[in-house]
Amino acid sequence: MRLPWISAKSADKVVASQLEKLPEGKRLRVEDFKGDRWVEVLKSSVNNYRIEECGFTTGSYDIDGNELKSTLKRLFEAEFPRSHQLRVSIGENNRSKQQPESNSSRPSLTRHRIGTLDGLTSSLAM
């Protein structure tokens, strides 16, 4: 489930309050506009959280509820220094159940781009 965009300035407060209400086993993910940097929080028990960070730095942290807000603030400042809006989504904890999708029937994005660039270069050379 996707939530609307939230302000990056108040993201730590909004996310911390959402995580307190979140049932155990659910994940809350915060992404930048492009989606290439994110912080994901799993509520493992009533007052314990597992944070995964993927962006400028990559890491995992196991924290309790007392450290949640300060840790989120530090991570958001490091991962989203120039972002004004952040996207928030909530999901199940089903990472271990997910199977990688087979993309053998679709051409890769890299091949498509290279083919397009080659076609553009050859058409300009004419």
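Values quoted throughout were computed directly from the atomic coordinates according to the rules given, and no laboratory measurement underlies them. Please read all numbers here as calculations on a predicted model, not as lab measurements. FYI the Cβ positions are ideal-geometry reconstructions off the backbone, even for glycines, and counts take in every protein chain you see.
I need the full set of residues from the range 55-76 which are of a type in the set (Ser, Thr, Tyr) and either in a strand (DSSP E or B) or in contact (Cβ under 8 Å) with a residue 60 or more places away in the chain (or both), in order please.
First pass over the range 55-76, keeping only residues of a type in the set (Ser, Thr, Tyr): 57-58, 60-61, 70-71.
Listed by number, the residues that qualify are Thr58, Ser60, Tyr61.
For first residues located in the range 77-90 and part of a strand (DSSP E or B), partners that are β-branched (Val, Ile, Thr) and lie 6+ apart or on another chain with Cβ distances below 6 Å form the pairs Leu86/Ile6; Leu86/Val30; Val88/Ile6; Val88/Val30. Restricting attention to the range 27-56, the residues that are crowded, with 17+ Cβ neighbours inside 10 Å and within 19 Å of Leu86 (Cα to Cα) total 14. How many of the residues making up the range 59-80 are more than 17 Å from Leu28 (Cα to Cα) and within 15 Å of the chain's Cα centre (by Cα)? Within the range 59-80, residues that are more than 17 Å from Leu28 (Cα to Cα) and within 15 Å of the chain's Cα centre (by Cα) number 2.
For the range 57-98, the set of residues classified as surrounded by fewer than 17 Cβ atoms within 10 Å (Cβ to Cβ) and polar (S, T, N, Q) consists of Thr57, Thr58, Ser60, Asn66, Ser70, Gln85, Ser89, Asn93, Asn94, Ser96, Gln98, listed by residue number. Number of residues in the range 35-54 that are over 10 Å from the mean Cα position of the chain (by Cα) and either among the charged types (D, E, K, R) or part of a strand (DSSP E or B) (or both) equals 8.
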